[in-house]
Each structure stands twice: as structure tokens, then as C-alpha cells.
Amino acid sequence: MHRSIYLDCHATTPVDQRVLAAMLPYFTEQFGNPASVGHLYGWEAEAAVQRSREILAASIQATPEEIIFTSGATEANNLAIKGVAEANFSQGRHIVTLATEHNAVLDPARYLQSLGFEVTILPVQPDGLIDLDLLEKALRSDTILVSIMAANNEIGVLQPLEKIGAICRQHQVLFHTDAAQAIGKIPLNVEAMHLDLMSLTGHKVYAPKGIGALYVRRRNPRVQLAAQMHGGGHERGLRSGTLYPPQIVGFAKAVELAIAEMPAESDRLRGLRDRLWQTLQPLGDIHLNGHPTQRLPGNLNLSIDGINGQALLLGLQPTIALSSGSACTSTKVAPSHVLKAIGRSDPLAYASLRFGIGRFNTLEDIDRAAKATLNTVQSLRETHPRSP
Ligand SMILES: *Cc1c(COP(=O)(O)O)cnc(C)c1O
């Protein structure tokens, strides 16, 4: 059976063989619990976790004690947002975030709203970028947290973290970023960006699913955070639960590899992405979603006039695996809140394709994907002219 070309790297990525090789010993011979302090099994597991913590910390200019391992970015976002709110509510109950955030940020914010916190959700500009003036105007004396993502998971737009961080620092408001799509793809520096909290995950960067981390600043200022998981007091009491050394080792290895290969790989992905966009131009009536250059190198998100997005996705499915601009909730299909936030109409939001190009995609993949898209759109336009 011939597998389709995988172009959905914002959803998840395969584990790199080099990452898997680094993980394997920790499933079998070196299977100890890092919390076991009385024997070699525990010590070697703890040493592996510590090395990984150092690698991850160094990759963002943090210190090892500032890395809290979690099950992924969803958990890290929940710990950051709810943890800051709970620990700082006596100082204020106002939180600022962005309309294009992942639901793993918006939903914890909405949950806090239900508990009596006030949440300002800033709109974005038509190119998907934050309006820094609006951010500055939104900050109040009772604002305790700003949460603005690093790279968008649908349109790939990169927010200006350094400028946002400078504004937050000036107003003495904590700054959190969801960097699930950014780690290993763009340089991240918690000092230059004035970050106080940053959520990371492994499975978008060729590590396995089920591992992530929250960076929590320890000095200038020391972030006050309330644990959301209670138990054995692991991770400095901030996240109880036995650590998972194979996943942690794989996560660190994946980030290390991605950062070492970033300059060449970014250029290669950008080249493939731009070639795909150029090749699709003869379709006519196609619209780029998100800023043309301030975006992840492997991201292309576009809307096509007069096409039914679900029909297009189904038509492409034997050749290409990718996503469209609709989020299927349990009950209904809704247009993407990100595409709506940049001002796309419902029909254009539905008629969108998100190409997520990654490490294992070749030039041949891209040319085959472009050809399949051209053919499928043309045949849909012939059979269903101007369908919504
Ligand atoms: C994938 C993703 C998440 C969720 O991460 P998990 O590790 O799967 O929980 C959160 N935010 C963004 C921007 C993402 O792309």
C-alpha cells in the first residue's frame, strides 16, 4: 500500500531515528525511576534527566532548575496560566491574550473567566500579527499575565516576542508564550525576549508525543506559580508524577538536533514552501493566510475561492495528508477561529489548506503535492462551479 505524502507537520511529526536511538536504552536496561535515590538504577535515570534538562535549558538561555517537565504543551499552558492566576490573584485578576491562540491557551483563560478573572482577548491585524499599541493599551494595574504565542499552529505567523516582552517588562506584567510550534524552528531566548514562562512540546519537533516542558523564570523576577498536579512533589513541587526518562531524553535530543540543523533546514523548508506557493499560482483566486514572511519556514496556509474545503481535502487525501481550516468538534464542523480572526469569511475559512512541510519532505513530495492540488481544484471547479 502506497502511503500518502505527509504535509501535516503542525499536527505532529514522526520521531527521528536518531531520537529513537537515544531513547531506547531508557526503556530496558536503564529503566530506573529518577526519584530512586538508593541505587544505580535510579542514579543513571536521574543523570539522564539532568543532562536533558541542561540541554533544553541551554537551548533557550535558561537554567536547568527553570525547566519543569510536563506531558506536553497543553499541560504546560494550563500550569502557566492557571498556576499564575492562582498564585497571584491577590495582586490582580486581569489576563491578556490573543484571538489566534491555540485552544490550550484560550480554554484555560475562559475557565479562569468562569472563576471571576477578567480576560482581554486582543484582535490581530489582517496579517495575523499582534497590534502592539492595543497590547499596551490593554495593560492595567491589575493585569497579572500576558500570554501571546510564539508561532501560530495554523498560519505559522511569528509574533514579535522581544517587543511584547519589553512592553510586559516595562509594565511589570508576567509574560508567557506558547512556543509549541516554535521550539527548534526559530531561535528562542528567554532573556532577550523577557520571557517569564514558556510552554514547549516534543512531538512537533521529531520527539515523541506525551512530553513537554514549562520554562518558569527563577530570578528577575522569580515567578510565583501554584501547582496544578499534586502528589510526590516532583519538579520542585510544581508538577508531581514520576518522570518519564525515555521521553525526556528523546525530547532533549530532538531539540538539540533541530537547533544544530536550524540554519540549513530553515532555508531548505522556506525554499520548498515558496516553490509550492509559486507552483499553485496558475489556479488563480488563491489567498495567502498570514504574513508573507513573518511565518514559520515550513508553513503555507491558503484559501481558494469557490471551492468546498472538505471536498478538496477528501479529493487530496489519497495523495497528500494535510489539514484544512475547519476544526471538527464533537458535534459540528466550525470554521477555524484563527482564519476568522484575520478576517476571512466563513466560505474562505472552510476553503483553506494548511501545508506543514517538515524534515522528511523532499522536492519530489512538494512537486507531487502541487500537481495533485492543481488537478483536484480544477476538477472540483468543473464539477461544482462556484460552490460555497
Ligand atoms: C500542538 C500545540 C499545542 C498542544 O501541544 P500538546 O503537546 O499536543 O499538548 C499547544 N499549542 C500549540 C500552538 C500547538 O501547536
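Annotations for the structure displayed:
- Meets criteria (away from the ligand (no atom under 13 Å from the Cβ) and hydrophobic (A, V, I, L, M, F, W, C)) for Ile148: no
- Residue satisfying condition, being surrounded by 20 or more Cβ atoms within 10 Å (Cβ to Cβ) and closer than 30 Å to Thr376 by Cα, within set Leu276, Leu195, Leu200: Leu276
- Residue within region 78-86 that is of a type in the set (Asp, Glu), farther than 28 Å from Glu261 by Cβ and more than 16 Å from the ligand (Cβ to nearest atom) present: yes
- Every listed requirement among (1) at pLDDT 95 or above; (2) within 22 Å of Gly284 (Cα to Cα); (3) of a type in the set (Gly, Ala, Ser); (4) buried (at least 21 other Cβ atoms within 10 Å of the Cβ) is met by Ala372 save one, (4).
- Strands (runs of 3 or more DSSP E) fully within region 286-372 that include at least 2 residues being under 22 Å from Lys185 (Cβ atoms) and under 24 Å from the mean Cα position of the chain (by Cα): 299-304, 352-356.
- For region 51-70, filtered to residues that are among the hydroxyl-bearing types (Ser, Thr, Tyr) and closer than 19 Å to Lys204 by Cα, the residue that is nearest to the ligand (Cβ to nearest atom) is Thr70.
- Positions within region 178-231 being near the ligand (Cβ under 10 Å from one of its atoms) and either farther than 30 Å from Leu7 by Cα or of a type in the set (Val, Ile, Thr) (or both), in sequence order: Thr201, Ile211
- Out of Ala48, Ala73, Ala109, sole residue that is of a type outside the set (Asp, Glu), at pLDDT 95 or above and more than 16 Å from the ligand (Cβ to nearest atom): Ala48
- Of all residues making up region 348-364, the number that are closer than 23 Å to Tyr206 by Cα and buried (at least 19 other Cβ atoms within 10 Å of the Cβ): 7
- Some residue of region 95-102 being more than 16 Å from the ligand (Cβ to nearest atom) and over 30 Å from Ala264 (Cα atoms): yes
- Of the residues examined, Gly128 is not one that is over 18 Å from Ala99 (Cα atoms), within 16 Å of the ligand (Cβ to nearest atom) and touching a residue at least 40 places away in the same chain (Cβ under 8 Å).
- Near pairs, Cβ below 9 angstrom, 6+ apart or cross-chain, from region 67-91 (assigned by TED's automatic domain parsing to the domain that holds Gly250 and farther than 26 Å from Gln172 by Cβ) to any residue that is away from the ligand (no atom under 16 Å from the Cβ) and in a helix (DSSP H, G or I): Phe69/Val49; Phe69/Ser52; Phe69/Arg53; Phe69/Glu235; Thr70/Glu235
- Put simply, of Val19, Val15 the only residue that is over 24 Å from Gly232 (Cα atoms), outside any loop (DSSP other than H, G, I, E, B) and within 16 Å of the ligand (Cβ to nearest atom) is Val19.
- Filter result for Gly83 (on the phi > 0 side of the Ramachandran plot and at pLDDT 95 or above): no
- Within the option set Ala213, Ala182, being assigned by TED's automatic domain parsing to the domain that holds Ala85, in contact with a Ser or Thr (Cβ under 8 Å, 6 or more places away or on another chain) and at pLDDT 95 or above holds for one residue only, Ala213.
The values are calculated or read from the model by the stated rules, or taken from the named source; none is laboratory data. All of these numbers come straight from a predicted model, not from anything done at the bench. FYI the Cβ positions are ideal-geometry reconstructions off the backbone, even for glycines, and counts take in every protein chain you see.
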